[in-house]
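The structure appears right after this line, and notes come after that.
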Amino acid sequence: MSGAPCILVIAELAQGKPSKLTCELLGLARGLGDARGGAVAAALLATRVDGIAEELIARGADRVYAMERDAFGDYHSESWVCTATQICRQAVPEAVLIGHTTSGADLAPRLTFRLGAAVATGCVDVSFTAGKLAFTRPCFGGNARETVSFKTAPAVATVRAGCYDALAPDSKRRGEVVRIEPRLGEEVVRV
């Protein structure tokens, strides 16, 4: 994965498993990665990562950056943004895909600010156009669509549910699980 463009998916869980939207985002990222010869990474923040990381790999991730903490039982913006920032700095993704959920809509702009990047929210399409990532989202109350691209990297986007198909799990897929520990001064907090 080193040196190749990487698409990073921030995984959300539902009942201890990757959510349907997370699986859709992995399918999208796999398509984008395959089109460019790049890799797919996933960020997993959970109270327990064993089994879940392997499922993310089976669903299309080449590498899973995993941090296991009790603070990740529920979404907490400061805990998640600190950890996601640390993972982005290590993975150096070309794009970060986040589900357009309540948590994702809170995390995306915070993460974008920390990375000094740009964000597109509520996307219904992500593709490569003229060699650049293009993000399409509804505007004007859903009466029109706009397509944007950014000069900064990584590009951060929230993607709406139901826009992409999840890949069927492939238990034979192999990938790497990278355990992340908080850096000194960036300990995961719980307020």
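Among the criteria (1) at pLDDT 95 or above; (2) open to solvent by less than 10 Å² (accessible area, probe 1.4 Å), the one Ala46 does not fulfil is (1). Take the conditions (1) closer than 16 Å to Cys88 by Cα; (2) open to solvent by less than 10 Å² (accessible area, probe 1.4 Å); Leu26 misses just one of them, which is (1). Annotation note: of Arg137, Arg110, the sole residue that is basic (Lys, Arg) and either outside any helix (DSSP H, G or I) or in contact with a strand residue (DSSP E or B) (Cβ under 7 Å, 6 or more places away or on another chain) (or both) is Arg137. Scanning the stretch 1-12 for residues that are part of a loop (DSSP other than H, G, I, E, B) and within 23 Å of Arg179 (Cβ to Cβ) gives Met1, Ser2, Gly3, Ala4, Ala11, Glu12.
Could you please let me know if Val40 is without any contact (Cβ under 8 Å) to a residue 40 or more places away in the chain and in contact with an Asp or Glu (Cβ under 7 Å, 6 or more places away or on another chain)? Yes, satisfied. Collect the residues in the stretch 156-180 that are at pLDDT below 95 and closer than 20 Å to Leu107 by Cα, keeping them in residue-number order. Ile180, the sole residue that qualifies. Annotation note: of Arg145, Arg137, the sole residue that is more than 18 Å from Gly27 (Cβ to Cβ) and surrounded by 16 or more Cβ atoms within 10 Å (Cβ to Cβ) is Arg137. Of the residues examined, Ala166 is one that is among the hydrophobic types (A, V, I, L, M, F, W, C), out of contact with any strand residue (DSSP E or B) (no Cβ under 7 Å at 6 or more places or on another chain), under 22 Å from Glu12 (Cα atoms) and surrounded by 13 or more Cβ atoms within 10 Å (Cβ to Cβ). Only one of the numbered conditions (1) surrounded by fewer than 24 Cβ atoms within 10 Å (Cβ to Cβ); (2) in contact with a helix residue (DSSP H, G or I) (Cβ under 7 Å, 6 or more places away or on another chain); (3) closer than 24 Å to Asp170 by Cβ is violated by Ile52, and that is (2). On the stretch given as the stretch 13-53, residues that are under 28 Å from Phe128 (Cα atoms) and not in a strand (DSSP E or B) total 21. Considering (1) assigned to a helix (DSSP H, G or I); (2) closer than 20 Å to Arg173 by Cβ; (3) in contact with a strand residue (DSSP E or B) (Cβ under 8 Å, 6 or more places away or on another chain); (4) not hydroxyl-bearing (Ser, Thr, Tyr), the lone condition that Ala105 does not fulfil carries the number (2).
The values are calculated or read from the model by the stated rules, or taken from the named source; none is laboratory data. All values reported here derive from a predicted model rather than from experimental measurement. With ideal geometry, Cβ positions are generated from the backbone for all residues, glycine too; neighbour counts draw on all protein chains shown. Ligands, DNA and RNA are stripped out before the accessible areas are found, and what is left, the full protein with its side chains, is counted by its heavy atoms. Shrake-Rupley method; radii C 1.70, N 1.55, O 1.52, S 1.80 Å.
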